[in-house]
Amino acid sequence: MIRRRLLAALFLCLALGSAGPGALAAKPPKKPAPAARKGRLRLDLNGEWQSRPEAPGGEADHWQSTPPRMTMPAHVPELATPTRISAGAVWYWKRFTVPANWPKQTIRLLFGGVREKCRVWVNGEAAGQHSGEAEPFDLNLTRVLAPGAECLISLRAEGTGGMTPAIWQSVTLISHDEAYIS
């Protein structure tokens, strides 16, 4: 048994030695570096938003374009709404300025997760909707946002089946070239 191991080791040494010095240290040929491409520009929209549980007539009172006077601060992302309601709807609002260096770019609003159903407006104009709390989603806002202008995002989150409505994952605005892989 020992003789077999010694013979195998000797054979391996002879085989490697005949391949020439540095046979084990041979490196694969270098691949060309990937071509440079424009990076995506990002604006983090996490942090303080305004919120309010939906009162009767919330949408009818044009909350999508003008927040009501009485709102409460909410930290986004959050695990529960400030009122700790377990069903119903909560509205969220965020004002920000689109960076002026984003012209001629596609602009998307990325949500990491909103519990459980939501509708989104930008400057009072419907931008999209989504169902499913665990799935990230994005909305193409190129047609409704102007670089350098102030923007108001309004979001109505609706909880169902005992789920607390909330923006519970990060929110980011990105600018990128027209070609896009999410």
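The values are calculated or read from the model by the stated rules, or taken from the named source; none is laboratory data. Computed from a predicted structure; not experimentally measured. Cβ sites come from the backbone with ideal geometry, for glycine too, and all protein chains shown count toward neighbours. These accessible areas exclude ligands, DNA and RNA; they are computed on the full protein's heavy atoms, side chains included. Shrake-Rupley method; radii C 1.70, N 1.55, O 1.52, S 1.80 Å.
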Over the alpha-carbon set of the stretch 113-162, work out the extent along each principal axis and list the three values in angstrom, largest first.
40, 17, 13
Determine, for each peptide in 68-77, 166-175, the mean count of other beta carbons within 10 angstrom over its residues, then list the peptides with the highest first.
166-175, 68-77
Tally Lys/Arg at +1 and Asp/Glu at -1 over every other residue whose Cβ is under 10 Å from the Cβ of G128; what's the total?
0
Using θ = phi - 60° and the Karplus form 6.51 cos²θ - 1.76 cosθ + 1.60, what ³J(HN,Hα) does each residue of the stretch 46-53 get, whole Hz, x for Gly and Pro?
6, x, 7, 10, 9, 9, 6, x
Quick one: net charge around Y92, please, counting Lys, Arg +1 and Asp, Glu -1 for every other residue with C-beta under 9 Å from its C-beta.
+3
Which of the peptides 91-102, 110-121 is most tightly packed, and how do the rest follow, going by the mean number of other Cβ atoms within 10 Å of each residue?
110-121, 91-102
Segment A134-A146, extension gain: residue separation times 0.36 nm, minus the distance between their alpha carbons
1.3 nm
How large is the charge dipole for the stretch 86-182, taken about the Cα centre, if only the Cβ atoms of Lys, Arg (+1) and Asp, Glu (-1) carry charge, to the nearest 20 debye?
220 debye
Of E59, E125, which has the most accessible area and how do the rest follow, probe 1.4 Å?
E125, E59
